[in-house]
Ligand code: TYD
């Protein structure tokens, strides 16, 4: 693993603090966020990982059902799955608050979600839920209880697990021979194109490319047979995977086409990442410059969408409470709390709060379309957003 980017000392991106923590001067856990490239496997990953139980516990705040964009994406996918694969039994790894499984029959779905506060949501709704980490022990347990799992789905989860060999081995263990694995995660090419360095934080151990996924799964006699590009999470790839022994499914042209694009982009070359690092450093300077010019005029800035991504940006660019007064967010487990590292307060979203600010930093830039639609009036009245993607600018 060769390092190409240093994003500094960072707090754990989803560890929000309460008032008591600040009063008691609670020590937060920090880590050095460095990103590297493995020239053999072509995997891009952070270099210092944090143990899973420190990140995914019984207080994990992220809820996938909080955005219309994600709800729509899962609904559309569910229809596609029912129509094209007609699965007997679906297993979802990282089911979060059940935003995908709610589109499926309870008897035909198994959830795996180690964050107990989230697992309880699907349990209460009647879905069989294992509140455990995905590994070979759990795969064994599930295999002994459930037969013929012919569809496994996992969105924005596998990139959060350090031991990918164990992940795929466990998947192969439970997936039927003619079964299908669908995974989706942010796309490395989109991340590089958009200069979205904030895709890197302690939970995003990997940002995958098709090249890297192919290298990874071939060891397990798995192959990608279709690719779909998505707008979610700043640009994602949905990989449709099958066992090589299953000859009934043909490999779609989409795989070759996307691979060609990645190779043209030189995703497999270290030099590409050195160029990215230079762009990231320039982006930091420009963003700091925009913020300091606004603050010199004594204008008020608030943040919109207290994302894990914002945590990377704020801590990397040394932006704190003296620049951003507070964030607004719709997630219940983030509001009335303080962001990790910077301790910027997060208020519950209320439309009227927008009037309170001269500028709004768009932390949830990946939901720009949804948010701009929602805040049309604010924009029409001359309201200004600040975004750092793809280049720091005022919108
Ligand atoms: P996301 O970008 O998925 O987060 P992360 O970087 O942590 O993976 O999260 C979007 C955040 O933005 C989430 O905390 C909810 C918030 N949000 C709003 O407050 N209002 C909105 O209209 C939308 C779409 C998101």
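Quick note: the coordinates plus some simple rules give every number you see, no bench work behind them. These figures come from a predicted structure and were not determined experimentally. Every residue, glycine as well, gets a Cβ built from its backbone with ideal geometry; the counts of neighbours run over all protein chains shown.
At q = 0.25 Å⁻¹, what is the base-10 log of I(q)/I(0) for region 348-395 according to the Debye formula with one equal point scatterer per Cα and no solvent? Please give it to two decimals.
-1.02
Can you give the translational diffusion coefficient of region 134-248 in µm²/s, computed by Stokes-Einstein from the Kirkwood radius over Cα pairs at 10 °C and 1.306 mPa s?
Diffusion coefficient, whole number: 108 µm²/s.
In square nanometres, what is the average projected area of the Cα convex hull of region 33-155?
Mean orientational projected area (region 33-155, Cα hull): 9.4 nm².
Let me know the shape class of region 76-145, please: from the alpha-carbon gyration tensor, a ≥ b ≥ c as square roots of the eigenvalues, rounded when a/c is under 1.5, otherwise prolate if a/b is greater than b/c, or oblate.
oblate
Percent relative contact order of region 24-138, based on C-alpha pairs within less than 8 angstrom and at least six residues apart?
Rounded, it is 19 percent for region 24-138.
Give me the percent relative contact order of region 101-256, please, defined on Cα pairs under 8 angstrom at least 6 residues apart.
18
At q = 0.10, 0.11, 0.14 Å⁻¹, what is the base-10 log of I(q)/I(0) for the chain according to the Debye formula with one equal point scatterer per Cα and no solvent? Please give it to two decimals.
Cα-only, vacuum Debye calculation for the chain: -0.67, -0.81, -1.31.
Can you give the Kirkwood hydrodynamic radius for region 277-331, in Å, rounded to one decimal and based on Cα pairs?
In region 277-331 this quantity evaluates to 12.0 Å.
Calculate the length of the line joining the C-alpha centroid of region 114-184 to that of region 282-349, in whole Å.
So the two Cα centres are separated by 35 Å.
Taking only Cα atoms, what is the 0 to 90° angle, nearest 10, from helix 136-145's long axis to the longest principal axis of the chain?
50
Over the residues of region 215-322, compute the C-alpha Rg and express it relative to 2.2 N^0.38 Å.
My calculation over the Cα atoms of region 215-322 gives 1.59.
Just for the Cα atoms in region 65-104, what are the lengths along the principal axes, largest first, rounded to whole Å?
Principal-axis extents of the Cα atoms in region 65-104, largest first: 28, 18, 12 Å.
Strictly greater than 14 Å: what percent of every Cα pair in region 108-185 meets that?
Counting pairs separated by more than 14 Å, the tail of P(r) holds 63 percent.
Tell me what the chain gives for mean residue ellipticity at 222 nm when only DSSP H runs of n ≥ 4 count, each as -39,500 (n - 2.57), the sum divided by the residue total, rounded to 500 deg cm²/dmol.
Helices in the chain give a 222 nm mean residue ellipticity of -9500 deg cm²/dmol.
Using a Förster radius of 41 Å, what is the FRET efficiency between residue 394 and residue 162 based on their Cβ-Cβ separation? Nearest 0.05, please.
0.60
Using only Cα atoms and rounding to the nearest 10 degrees, what angle (0 to 90) does helix 270-296 make with the longest principal axis of the chain?
30
What percent does the relative contact order of region 304-395 come to when contacts are Cα pairs within less than 8 Å and at least six residues apart?
26
Quick check on region 265-395: take the gyration tensor over C-alpha atoms, sort the square-rooted eigenvalues as a ≥ b ≥ c, and tell me if it's rounded (a/c under 1.5), prolate or oblate.
Prolate, because a/c is 1.5 or more and a/b exceeds b/c.
If you fit an axis through the alpha-carbon atoms of helix 164-174 and take the longest principal axis of the Cα set of the chain, what angle between them do you get, 0 to 90°, nearest 10?
40
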